[in-house]
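Worksheet: one structure, shown below.
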Amino acid sequence: MGFWIRILRQIFRIQRWCFKHDLLVILLLLVGIGIIGSAAGQIKSSNDPMLMFGPQNEHRQKLLRQQAEFGDTNQTMLVLSVDSAEDLPRLLEAERALTLELQNPDGTIALDGLSSFSSISTTLPLMGYPLEFTPIEDVAILLDERAGLRTFFLNDARNAVVIALKQNLPDMSDEVLALAYVHEQALKTRMEALFPDVQISVAGNVAIAEALRGALAFDQTYLLPLTLVLNFIIMLIAFGSLRLTLCALGLAVAAMVLTLGIAGWSGVTFGTGSETSFAIITTLTVATLIHIVHSLGQRQRALPFQTTPVAMRATFRKLVVPVILAHTTTAVGFLSLNFADAPAFQLMGNLVAAGLAFSMVIVLFAAPLIFARLCNGCKVRDSAVRSASRVLTKLWSRHPLRMGYSVALMTFIAVGGLAYTRFDDQFLKFFAPDHPLRQNVAQIENAMGWSQSSDLVLRYAPDTLVTPARFAQLAALVAELEALPGVIEVKSPLPIVRACLDNRTPPYTGSLADVPPKMLTFCVKSNYRVTETEGNATFAANFSALRISIMSERQSSSFMRNLSRRVEETAQAAGFAPRDAEVSGMNVMSSFLSKVNTESMLIGSALAMAIVSIMIGLFLRSFALALLSILPNFLPAMAALGIWVWLNTEVGMAASIIAALTFGIVVDDTIHILYALSRGRKKQTNKGVQRVLQKVFPGVLTTTAALGFGFALLMASGFEVNRQLGFLTSATIWIAFFFDLFVLPGAYIWLIGRKRLRGPKPDD
């Protein structure tokens with residue numbers, strides 16, 4: 001312990017120096033906030049969904065290889081629908097008008113639909129004439145003749161059509177995505193004005209990016225202010241002093257501003273999921289200051305004639321060990337998020353850890369000075385909190401075994417819900433059911449019968465794809481893929497090529513395996529422009545790869561994971577090497593989010609718990625207390641997750657990090673309790689422990705309220721990951737509180753009785 005004693009002595013020396021030069025220290029703090037915090041305005045944010053996936057993520061790598069071959073494409077699905085099949089002519093008229101509007105927008109690389117040049121128009125009798133002169137009656141006839149075209153572009157009820165637009169945007173910046181979204185919505189509004197009897201639904205990557213932007217904007221605009229207001233109200237009620245409350249809140253804001261500045265200087269980019277970091281830093285700093293203020297109140301009541309500066313200095317000196325330990329253990333918990341696959345979680349972990357470093361420095365060296373200067377003469381009026389603490393601790397003291405067993409039993413019942421856990425990270429479920437994106441997708445699903453897609457990329461040697469043998473192989477593969485459970489349609493170039501062959505003079509009606517090579521080449525290249533250096537959404541440059549879309553039912557993430565595996569296995573059985581047959585797409589990537597992050601966080605969570613327990617053991621000089629600290633801090637996370645499963649069955653990405661994240665948070669109260677118990681003599685009786693708890697529990701109760709309600713604010717987020725994170729974290733904090741109250745004291749007394757502890761430490 002000599003090492004830790006030397007560190008504490010150095011901290012005390014610095015504190016004494018700071019008290020002697022308090023004005024200088026406060027000035028330096030303000031200057032530091034001004035210089036570092038000035039970069040807060042440089043913080044960058046992005047709505048790119050790719051920020052949710054790690055750079056080494058297997059499925060992200062597949063998508064990047066696809067984008068390198070076919071271009072960084074963004075697909076938009078536009079579905080037009082009418083009330084009944086009797087309105088089909090009006091529907092076709094609207095579809096044609098919209099197709100003409102979409103013919104030549106910037107970045108369009110493919111446009112597939114009933115009236116698009118790249119598909120059906122080349123097979124019509126009036127081929128070569130402008131599209132607007134092609135009779136709708138010919139389109140209707142063609143629909144009856146070409147079942148393959150009808151299946152994908154027109155629903156079975158003949159009252160809805162789909163247009164697939166693929167764009168190659170210059171980049172995925174917020175500005176570009178916002179302009180693309182504005183263009184889509186303006187076009188939708190204009191077409192609805194021309195065809196008020198036709199409903200238009202829009203979905204795709206641009207709409208997803210806009211939905212993420214909205215969720216991020218909501219959290220950035222409202223979450224932090226609401227957190228500040230909530231912390232202000234809780235502290236004002238708990239402290240009974242406006243000046244003490246404002247000082248504590250100001251110090252928490254200072255830690256947050258410094259972290260904002262560091263984020264700005266470092267040039268990090270925020271995506272949805274990491275923007276909550278600053279609210280978390282503020283709340284955690286407030287939690288530490290709550291313990292200090294309540295301890296100050298105890299000293300004021302014990303020594304009423306002691307001046308505020310002296311009492312403040314003594315209070316901070318008394319709590320320096322739990323403050324250091326609490327900040328460090330919490331930082332370790334958040335740093336373990338670097339084991340997560342999602343960059344958003346990694347960024348949140350690193351930012352919160354940095355913010356806690358600022359917070360610890362401020363609490364240890366600046367807070368005593370500011371409280372002494374600005375709150376001289378302030379009295380802590382926390383009678384309401386103390387009364388509640390007395391009632392709760394008395395309840396434990398009278399029925400220690402009964403209360404402990406009750407909490408343990410309810411916990412194990414909650415944990416039992418984990419047996420029914422089903423991870424589901426469908427990207428659409430990241431948004432509320434009434435979100436416009438989900439409503440549009442639901443309308444598309446109802447109209448077309450399919451709801452989600454994935455891409456199968458097939459790779460070939462250059463200029464070997466467009467051959468009769470290859471297309472016959474492709475036809476057989478498509479037939480096998482359409483037979484897979486849950487697959488509705490496989491979109492490939494085969495119907496387009498078949499329509500072109502049928503339109504020859506005379507029509508070619510033979511098999512693809514026997515088609516003359518020159519005829520096949522003409523039909524492919526007349527519909528799909530491909531050069532040696534540039535491809536399109538279907539064929540890569542030099543015809544070195546082919547992309548087909550698999551339209552399927554919207555089911556769970558496990559369904560999508562199994563489907564992608566079976567598609568790749570089917571392609572490999574057809575003769576493709578694993579590297580030459582890859583399934584990718586945003587739906588596929590999102591289906592692996594929870595699974596990948598859970599697997600990657602197993603080591604991180606275990607390591608964080610081990611490090612935190614060792615630190616507690618070293619500081620408190622007890623291996624038994626180190627092991628004891630795990631009990632009330634690991635099980636609550638499992639119980640919260642179990643409760644969520646009992647209520648919802650499905651869990652998402654937030655569940656993968658909840659154990660590591662909450663362990664570092666809830667252990668702080670355990671540290672304060674164990675530190676208080678270990679400092680006294682002869683506290684092994686129920687009454688003795690009760691007296692100690694009555695002193696420390698006002699701080700524990702108030703911090704639980706601040707943290708529990710603070711994280712509960714995340715449930716108001718527009719992003720499902722944050723909502724789940726808010727529920728799970730808040731529930732974990734409250735369950736941990738009851739563990740600390742009803743289970744931890746009894747376990748401590750049991751260890752004392754079994755002589756598992758080295759004996760109580762003296763107060764000095």
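What the table shows:
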read-out	value
Flag if Q66 is among the polar types (S, T, N, Q), modelled with pLDDT of 80 or more, in a helix (DSSP H, G or I) and surrounded by fewer than 17 Cβ atoms within 10 Å (Cβ to Cβ)	no
S295 vs. criteria in contact with a Cys (Cβ under 6 Å, 6 or more places away or on another chain) and either in contact (Cβ under 8 Å) with a residue 24 or more places away in the chain or of a type in the set (A, V, I, L, M, F, W, C) (or both)	no
Flag for A217 being within 27 Å of G585 (Cα to Cα) and without any contact (Cβ under 8 Å) to a residue 40 or more places away in the chain	yes
Single condition R498 does not satisfy, out of (1) touching a helix residue (DSSP H, G or I) at 6+ places or on another chain (Cβ under 7 Å); (2) part of a helix (DSSP H, G or I); (3) charged (D, E, K, R); (4) free of Cβ contacts under 8 Å to residues at least 40 places away in the same chain	(4)
Any hit, the stretch 548-569, residues being on the phi > 0 side of the Ramachandran plot and assigned to a helix (DSSP H, G or I)	no
Candidates V206, V286, V202, filtered to the one that is crowded, with 24+ Cβ neighbours inside 10 Å, closer than 30 Å to A164 by Cα, β-branched (V, I, T) and under 26 Å from the mean Cα position of the chain (by Cα)	V206
Selected residue (only one of T283, T189 is within 30 Å of F697 (Cα to Cα) and not in a loop (DSSP other than H, G, I, E, B))	T283
Leading residue by the ranking (modelled with the highest pLDDT) among those in the stretch 491-508 that are within 28 Å of A164 (Cβ to Cβ) and of a type in the set (S, T, Y)	S492
Close pairs from the stretch 178-199: first among the basic types (K, R), partner surrounded by 15 or more Cβ atoms within 10 Å (Cβ to Cβ) and not in a helix (DSSP H, G or I), Cβ under 9 Å, at least 6 apart	K188/L78; K188/I200; K188/S201; K188/V202
Identity of the residue in the stretch 517-542, in a helix (DSSP H, G or I) and out of contact with any Ser or Thr (no Cβ under 8 Å at 6 or more places or on another chain), that ends up surrounded by the fewest Cβ atoms within 10 Å (Cβ to Cβ)	K518
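Residue-by-condition table, conditions (1) touching a Phe, Trp or Tyr at 6+ places or on another chain (Cβ under 7 Å); (2) touching a residue at least 40 places away in the same chain (Cβ under 8 Å); (3) closer than 16 Å to W734 by Cβ:
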position: S591; (1), (2), (3): no, yes, no
position: V612; (1), (2), (3): yes, yes, no
position: A624; (1), (2), (3): no, yes, no
position: S629; (1), (2), (3): no, yes, no
position: A639; (1), (2), (3): no, yes, yes
position: G664; (1), (2), (3): yes, yes, no
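A quick yes/no check of all residues on (1) part of a helix (DSSP H, G or I); (2) on the phi > 0 side of the Ramachandran plot; (3) modelled with pLDDT of 90 or more; (4) under 16 Å from the mean Cα position of the chain (by Cα):
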site: V321; (1), (2), (3), (4): yes, no, no, no
site: A331; (1), (2), (3), (4): yes, no, yes, no
site: D341; (1), (2), (3), (4): no, no, no, yes
site: F345; (1), (2), (3), (4): yes, no, no, yes
site: L356; (1), (2), (3), (4): yes, no, yes, no
site: I362; (1), (2), (3), (4): yes, no, yes, no
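Yes or no, residue by residue, for (1) closer than 29 Å to A217 by Cα; (2) without any contact (Cβ under 8 Å) to a residue 24 or more places away in the chain; (3) among the aliphatic types (A, V, I, L, M):
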{"site": "Q694", "(1), (2), (3)": "no, no, no"}
{"site": "P698", "(1), (2), (3)": "no, no, no"}
{"site": "T704", "(1), (2), (3)": "yes, no, no"}
{"site": "G708", "(1), (2), (3)": "yes, no, no"}
{"site": "M715", "(1), (2), (3)": "yes, yes, yes"}
{"site": "F727", "(1), (2), (3)": "yes, no, no"}
{"site": "A731", "(1), (2), (3)": "yes, no, yes"}
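The values are calculated or read from the model by the stated rules, or taken from the named source; none is laboratory data. Computed from a predicted structure; not experimentally measured. For neighbour counting, all protein chains shown are included, and Cβ atoms are generated from backbone atoms with ideal geometry for every residue, glycine included.
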